[in-house]
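Input: a single structure, listed below in structure tokens.
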Amino acid sequence: MPAAPTRLPLHSILATCFALALGTPALAAAQGAAWPAVVPRPEHLTLGTGQPFVLGNGVALVAATDDSAARDVADYLRFELAPIQTRAEPAPGAGTILLRITPGGTLGQGSYRLEVIRDEIQITGADADALFHGVQTLLQLLPPGFETPPGATRDPERAWAIPQVVIEDRPRFRWRGVLLDVARHFLTAEQVKRQITLMARYKLNVLHWHLTDDQGWRLEVPALPRLTSVGAWRTEEDGTRTGGFYTADDIREVLDHARRHHVTVVPEIDLPGHLSSAIAAYPWIGCTGDSLTVPTTWGVFNDVLCIGSPRALEFADTVLATVLRLFPSPWIHLGGDEVPTLRWQSCAPCQALMRAEGLETEGELQGWFTRRMARTLTERGRTLIGWDEVMDRGPLPPGVVVQAWRGPDRTRAALMAGAPIIASPGEAYLNAPPDGLPLERVYAFDPLPDSIPPDAAERLLGSEAAFWSEHITAANLDPMVWPRLLAFAEAVWARGPREWRDFRARLERDHHTRLSRLGVTLGPADRALATFEPGYDSVTRQVYVRAVPGMPGIEIRTTPDPIPDSGTVTVAAVLNGNVLPLGRRFTLEPHLAWGCPVELASPPSPRYQGTGPYTLTDHALGSTDLHDGFWQGWLGTDLEATIDLGRVADVREVTGSFLHDFRSWIVAPSAFTVWLSMDGAAWQEVGAMTREEALPDDRPVKMRLVVSPPSAVRARWVRVRARSSGPLPDRHAGAGRPSWVFADEVVVKGEEGGGSRE
Ligand code: ACM
Ligand code: ZN
């Protein structure tokens, strides 16, 4: 029997004297018992009736001595319990925690059994991972107050009650992953380790480490130093340098931490597309050989690996050799998503390779590359994972794992095609803000699509929650991850029907506190972290941004404040002293038509209304983000606007400010024509400009079309027409469909003409 503790907290669990079977939490609540709030919900849980186990100094922590895996788990638990002093041998008067692994025993694969009686806790796992999961459950049987905030230590004299309970539990899926994209925004090794610590508490067991993408290369490869000296850094639009990378020591440190937390780290090197950062470092791996800079915008870029070049293939082999040396994972992810074939179409070596290999299409060239890399991995005892596009580009070698991200239909197709599958549909893309993907929808997520026959369902390894980081940095990672990752963890672990209210009750009663005490800043369940809505007040002629925080602790910061008449303005959300990647940045440019009424020949789309009726004269210029709230958009029609200057002026120059974002179906106007009038009835065309400059297909740019008459023209009214470039061209995925015209301002320059303002 344990010695009577001096300060035993009266955890409410003591109040219960009923043995209850899982599945009846409502009954437990009705009887006043606090049902253990374990997440993910265990398969079977029976609450005992007796006095609780008391955890305090002198408790024995005993692992089967001949089992090093069990001893490792015991070491982990000892670390988690510190500063409680544990002994290695049972002693009279102190409780015992007994850990063991019984492979081939009565426990099914991946199962653990946890039994708490008055003076003994037994955790038995079918394997080391299962034992570790049992230990996680034990930690959740401790009250939330047991968790220690970072930098604090627990009261070493305090004892803690653990209710008598029998839990038998096992995972539904073996692959319960988290995808961290450290390419778009870098996370330090320390930050990655923290995520591993936290995910392991909820029995998530795969870290898919997305190490490379267009905007950054994060893995040091000694033979290719420019990958990190050049490819790991980018210069943002505001001139700041951002980036970072991992040395071999960083990687080893993360892997060691992951191993102790029973998390498998699966590295991803995205090939042959999403490779701009590497091409910036070594232009000869691309088809054109042209140098480029590490991009600062998001999306899909045309420059990809030149598969026809032996030197570029050698590059891929060198990178892979480093990956294999560093990472013991049985699986290596080689990407393969969103690979444009444009460059291969006009590349002599790529075309030559296609002929030599009898490949009919450029798409098959990617298939050839995937098979080549899969062969290399197989020879080294590893398995290739690819995004689901690899299924479309020629035959796949058996065993290749497909990660289906383009919805349940892709998951279904891949399962039926016979491949092992990781399901990562939109409901698991937790980079979507919680207003679009709320907690409840994540909780309802089922990785297995409807009506899959059992033999095909067997091939579903599991799922991954993805945190693509275009709009996630270390500053908002926590509130984006939590609490939604709890819902995901239950979705991939627990069997049986989802009980939303029960789940939410467990969160509110326990895990919000638990996570907060671990130093986690939880985000909203179903709202954006913050919203920003630009507007224009025609009375004060002021541009403003209505900013609404979606969670406590967010402060809105406008710089400069108050907003001046000209220059660049940022409106940012600040959390825990860090700026979140969600704000607005715009430029104010005063001109003659500032605040003048605008008459439009056709209204803009209800989806893209800018700051309202004065968008084109509000003197605010938006960013390259089409959704920033400064842009008006017209689909399939010209933009025609008439502006009343309210007084006569000498007009020298009229400029249309437009967005060109080809991938988003927004194409700069093909022509811009300007008319002026003294009376609003008789119009004089003063010039037209046609667009000649070639604009990029693969990133958004702002562009201007300018009309300057040979000399200033007196006028009161200004009329402009921006001609739609018409249907999307053949090279566009939406070829033949109408394109958009996006405008944020018509800038009128000149001198006040002496006429009086009415
Ligand atoms: C992906 O989301 N491009 C895999
Ligand atoms: Zn090529």
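Each value in this text was obtained by applying a stated rule to the coordinates, not by laboratory testing. Nothing here was measured: the structure is a model prediction, and the numbers come from that model. For neighbour counting, all protein chains shown are included, and Cβ atoms are generated from backbone atoms with ideal geometry for every residue, glycine included.
Can you give me the relative contact order of region 345-405 as a percent, contacts being Cα pairs under 8 Å and 6 or more apart?
RCO, region 345-405: 29 percent.
Specify which residue in the list LEU271, PRO604, SER724 is farthest towards the positive end of the charge dipole of the chain, using unit charges on the beta carbon of Lys, Arg (+1) and Asp, Glu (-1), about the Cα centre.
Of LEU271, PRO604, SER724, it is LEU271.
Where does each of TYR246, TYR76 land when they are ranked from fewest to most other beta-carbon atoms within 10 angstrom?
Taking fewest neighbouring Cβ atoms as first place, the list is TYR76, TYR246.
Quick one: GLU470, GLU364, GLU268, fewest Cβ neighbours within 10 Å first, how do they rank?
GLU470, GLU364, GLU268
Would you mind ranking ASP270, ASP155, ASP650 so that the residue whose beta carbon has the fewest other beta carbons within 10 Å leads the list?
Fewest-to-most Cβ neighbours within 10 Å comes out as ASP155, ASP650, ASP270.
Round to the nearest 10 and give me the degree value, 0 to 90, for the angle of helix 248-260's Cα axis relative to the longest principal axis of the chain.
50 degrees
Farthest toward the dipole's positive end in the chain, which of PHE245, THR587, PRO295, given Cβ charges of +1 (Lys, Arg) and -1 (Asp, Glu) about the Cα centre?
Checking the options against the dipole of the chain, the answer is PHE245.
Stick to the Cα atoms of the chain, pair each with every other, and give me the Kirkwood hydrodynamic radius in Å at one decimal.
29.3 Å
Summing -39500 (n - 2.57) over the DSSP H runs of n ≥ 4 in the chain and dividing by its residue number, what mean residue ellipticity at 222 nm do you reach, to the nearest 500 deg cm²/dmol?
Rounded to the nearest 500, it is -6000 deg cm²/dmol.
With point charges of +1 on the Cβ of Lys and Arg and -1 on the Cβ of Asp and Glu, referenced to the Cα centre of the chain, which listed residue (ALA63, LEU575, GLY358) lies farthest in the positive direction of the dipole?
ALA63
Give, rounded to the nearest 20 debye, the magnitude of the charge dipole that region 499-583 has about its Cα centre when Lys and Arg contribute +1 at Cβ and Asp and Glu contribute -1 at Cβ.
So the magnitude is around 300 debye.
What's the center-to-center distance, using Cα atoms, between region 46-87 and region 205-234 in Å?
If we compute the Cα centre of each part, the gap is 40 Å.
Residue by residue through region 330-341, which ³J(HN,Hα) values in whole Hz follow from phi under the Karplus form 6.51 cos²θ - 1.76 cosθ + 1.60 (θ = phi - 60°), with glycine and proline marked x?
Values, residue by residue: x, 10, 10, 8, 10, x, x, 7, 6, 10, x, 9 Hz.
Given the C-alpha centroids of region 576-625 and region 472-511, what is the distance between them in whole angstrom?
37 Å
Rounding to the nearest 20 debye, state how big the charge dipole of the chain is about its Cα centre with +1 on each Lys and Arg Cβ and -1 on each Asp and Glu Cβ.
Dipole of the chain, to the nearest 20 debye: 1180 debye.
Relative contact order of the chain, please, whole-number percent, based on alpha carbon pairs below 8 angstrom and at least 6 residues apart.
9 percent
Please give the Cα centre distance for region 658-689 versus region 518-543, rounded to the nearest Å.
That distance is 33 Å.
If the cut-off is 20 Å between C-alpha atoms, which lysines fall inside it for LYS193, apart from same-chain ones fewer than 8 positions away?
The qualifying lysines are LYS203.
Relative to the longest principal axis of the C-alpha atoms of the chain, give the angle of the C-alpha long axis of helix 310-326, reported between 0 and 90° and rounded to the nearest 10°.
Approximately 30 degrees, to the nearest ten.
Relative to the longest principal axis of the chain, what angle (0 to 90°, nearest 10) does the C-alpha long axis of helix 128-141 take?
In the chain, helix 128-141 runs at an angle near 90 degrees to the longest axis.
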